[in-house]
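Asks: The structure's right below; bear with me while I get my questions together.
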Amino acid sequence: MTGVRVSDLENSIKDEATNDRPLIRFRVTENVALLYLANPPGNALTAPVRRALSATLDDVERRPRTEALVLMAEGPVFSDGVPADAPDVDADAAGLRALCARIEGLGIPSIAVLQGSAAGAGADLALACHMRIATRNARLCFPDIAIGLPPAGGATQRLPRLAGVDIALRLLLTGRPIAAPTAQEFGLIDGLVEGDPFSAGFATARR
């Protein structure tokens, strides 16, 4: 981001198995915590990624001068969610529901920056943030109905609060993706991004 001073903090939380691939990239810029999902190609929210994100939130909460958090993703996709063959780790402290509740309960504003797909658990994570901005090509989707399950991260509660019961039921019972402009009309996205989405996320946090 041109003209932005970056602090000396730049942490990478790495894959527990290989210890060489960062799953979450994290830096603090002008008291704004910038978190990047770094699990290409679809930034899947696997159990190691969720644990890495939870550990990064620990670091954010230990920093008293942090004023906002921006959650982004490297690459063209925000997150395709949890892989269909992943084991159920809902009871884990770093499980999806607990992670979403933790982000929602942060004492500082959180902004999700969406590009490409935000599907399933990825959409859950975005809804848990206090604000969402998106590129025009972004899509929101809750496909859990295809395997006969409700969303695991709390979308059944957050969707009706944001968009109303009728729209929430439509999204949950069809599983069809909606484009960012439509999501904005429904109240699920607070603004559309023109230009660099990462810079827009930082600027939104600073405002």
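The values are calculated or read from the model by the stated rules, or taken from the named source; none is laboratory data. Quick caveat: nothing in here was measured; it's all calculated off a predicted structure. Positions of Cβ are generated from backbone atoms using ideal geometry, with glycine treated the same way; all protein chains shown enter the neighbour counts. Just the protein is used for accessible areas: all its heavy atoms, side chains included, with ligands, DNA and RNA removed. Shrake-Rupley method; radii C 1.70, N 1.55, O 1.52, S 1.80 Å.
Asks: Considering each residue of segment 97-118, count those that are among the hydrophobic types (A, V, I, L, M, F, W, C) and open to solvent by 10 Å² or more (accessible area, probe 1.4 Å), and give that number.
Replies: Adding up the residues that qualify gives 4.
Asks: Can you name every residue in segment 30-45 that is on the phi < 0 side of the Ramachandran plot and surrounded by fewer than 18 Cβ atoms within 10 Å (Cβ to Cβ)?
Replies: Pro40, Pro41
Asks: Related question: Of the conditions (1) within 19 Å of Leu71 (Cβ to Cβ); (2) open to solvent by less than 40 Å² (accessible area, probe 1.4 Å), Phe198 fails just one. Which one is it?
Replies: Answer for Phe198: the failing condition is (2).
Asks: Related question: In segment 171-186, what residues are among the β-branched types (Val, Ile, Thr), part of a helix (DSSP H, G or I) and in contact with a strand residue (DSSP E or B) (Cβ under 6 Å, 6 or more places away or on another chain)?
Replies: none
Asks: Write out, first by first residue and then by second, each pair whose Cβ atoms fall under 6 Å of each other, whose residues are 6+ apart or on separate chains, and whose first residue, in segment 170-191, is among the β-branched types (Val, Ile, Thr) while the second is assigned to a strand (DSSP E or B).
Replies: Here the result reads Ile178/Leu140; Ile189/Arg132; Ile189/Ala134, each pair linking segment 170-191 to a residue that is assigned to a strand (DSSP E or B).
Asks: All but one of (1) touching a Lys or Arg at 6+ places or on another chain (Cβ under 9 Å); (2) assigned to a helix (DSSP H, G or I) hold for Ile189, so report the exception by its number.
Replies: (2)
Asks: Something else about it: Do we have Leu149 as farther than 24 Å from Phe26 by Cα, modelled with pLDDT of 95 or more and not in a helix (DSSP H, G or I) here?
Replies: Answer is no for this residue.
Asks: Quickly run through segment 144-153 and pick out the residues that are surrounded by fewer than 19 Cβ atoms within 10 Å (Cβ to Cβ) and out of contact with any Ser or Thr (no Cβ under 9 Å at 6 or more places or on another chain).
Replies: Ala146, Ile147, Gly148, Leu149
Asks: Quick check on segment 123-140. Is at least one of its residues surrounded by fewer than 22 Cβ atoms within 10 Å (Cβ to Cβ) and in a helix (DSSP H, G or I)?
Replies: There is no residue in segment 123-140 that is surrounded by fewer than 22 Cβ atoms within 10 Å (Cβ to Cβ) and in a helix (DSSP H, G or I).
Asks: Now, a different point. Taking the condition in a helix (DSSP H, G or I), open to solvent by less than 20 Å² (accessible area, probe 1.4 Å), among the small types (Gly, Ala, Ser) and farther than 30 Å from Thr29 by Cα, does Ala168 pass?
Replies: Judged against the criteria, Ala168 is a match.
Asks: Among the residues that make up segment 49-72, is at least one of them among the small types (Gly, Ala, Ser), surrounded by fewer than 20 Cβ atoms within 10 Å (Cβ to Cβ) and either under 18 Å from Ala98 (Cα atoms) or at pLDDT 95 or above (or both)?
Replies: Within segment 49-72, the first condition is being among the small types (Gly, Ala, Ser), and the residues that meet it are 52, 54-55, 68.
The next check asks that each one be surrounded by fewer than 20 Cβ atoms within 10 Å (Cβ to Cβ); those that pass are 54-55.
Checking the rest, the ones that are also either under 18 Å from Ala98 (Cα atoms) or at pLDDT 95 or above (or both) come to 54-55.
Looking for residues that are among the small types (Gly, Ala, Ser), surrounded by fewer than 20 Cβ atoms within 10 Å (Cβ to Cβ) and either under 18 Å from Ala98 (Cα atoms) or at pLDDT 95 or above (or both), one finds at least one in segment 49-72, hence yes.
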